[in-house]
1. For Cα pairs less than 8 Å apart in space and 6+ apart in sequence, what is the mean separation divided by the residue count of segment 52-141, i.e. the relative contact order in percent?
2. Round to the nearest 0.05 the FRET efficiency obtained for Glu89 and Ser191 when R0 = 41 Å and r is the Cβ-Cβ distance.
3. For a test of the definition: using alpha carbon positions, the gyration tensor, and the 1.5 limit on a/c, classify segment 2-222 as rounded, prolate or oblate.
4. Alpha carbon centre of segment 142-214 versus segment 56-81: separation in Å?
5. Show me, for segment 87-102, the HN-Hα J-couplings you get by feeding each phi into the Karplus relation (A = 6.51, B = -1.76, C = 1.60, θ = phi - 60°), rounded to Hz, glycine and proline as x.
6. If you project the alpha carbons of segment 1-55 onto their three principal axes, what span does each projection cover, largest first, in Å?
7. May I ask you to list the trypsin sites (Lys or Arg not before Pro) in segment 53-125 that are in a DSSP loop and have at most 15 other Cβ atoms within 10 Å of their Cβ?
8. Which of the pairs Lys12/Lys208; Lys14/Lys162; Lys70/Lys102; Lys62/Lys102; Lys14/Lys102 have their Cα atoms more than 24 Å apart in this structure?
Amino acid sequence: MQETATTERLVKQKLAVFDRLQTEFEECFRYIQDVHGQQRFSTFSVSDAVHYLHALWICECKDRLLSIYKNFRRYEGRHCLELLQGWQEGEIANVVDFLYRKLDMLPVADITRQLHQALYHDNDKDLARRLEHGRLILLNRGMNLMHVLDAIFALKEDQIVKEAQFACMQYGHHPSQIAEQIAMMDTPLYSFIPHRVLAQRNMMLMNKMGANVMSKPADQPGQRSWRVLEPTEPLSPFAEHVIEGYLELTSPLSNNIKGHRFIDRPEHSETLDM
């Protein structure tokens, strides 16, 4: 009983903290989606790169506060804090490696082959349209990566560090603050506690965010390809499995289609009382 009360109290604390964070999370979530290809930036400065790392950390905080189960690293918020701390101390290569890993274009050659197959062999214009849109998203992501690398490599190292320090101050990531933020992520408030109320809050929030992010005409389903068409026949229950032709065999004279001979031997009690 005491454990349940402690959990309920912690859930309320999680929700209270997230209420104060929600507005910033929504802005950061949209910014991450834009950087990942929803938008092609004309320029991408060192300050924008710091903003990107900050946004990833904020989204990590949201996942921890609402106890989102993670079977893979999605935002790597703690690592982003470590990168921001190292960047202010002159460690630039680790930041470049992280940005390259996050924003590097996936194999667009494979998508181009699939696009050619859909257009000239399968005659599937709907699938081709989606592939073209996906390839553009990947191209935008790659262009954003090139812009941020160009902005970083155009400066001398001491100037890069100064700009990173200034941007980190703007987003609340002074080295002393980063130490507190890393320690905060190890507190019970940011621990994984599955709870119905937290799950409902996350579902309502992400349904809203998904609708906002995917509001462009090219992101709408339109005429669906056959791969995502809704089923035309009612589907049977997932856990139901019917064995065709099964008939229960209860006695030699009942449902014994093949005429097997068997004897129901009587059971005898050790006390001889039947």
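What follows draws every value from the coordinates through simple rules; no lab data is involved. What you see is a predicted model, and the numbers here were worked out from it, not measured in a lab. Cβ coordinates were reconstructed from backbone atoms using ideal geometry, including for glycine residues, and neighbour counts include every protein chain displayed.
1. Relative CO of segment 52-141 lands at 22 percent.
2. Computed FRET efficiency for Glu89 and Ser191: 0.90.
3. Taking the square roots of the gyration eigenvalues as a ≥ b ≥ c, segment 2-222 is oblate.
4. Answer, in whole Å: 9.
5. Result, rounded to whole Hz: 4, 6, 9, x, 8, 9, 4, 5, 5, 4, 4, 5, 4, 5, 5, 7.
6. 57, 20, 16
7. Lys70, Arg73, Arg74
8. Those over the limit are Lys14/Lys162; Lys14/Lys102.
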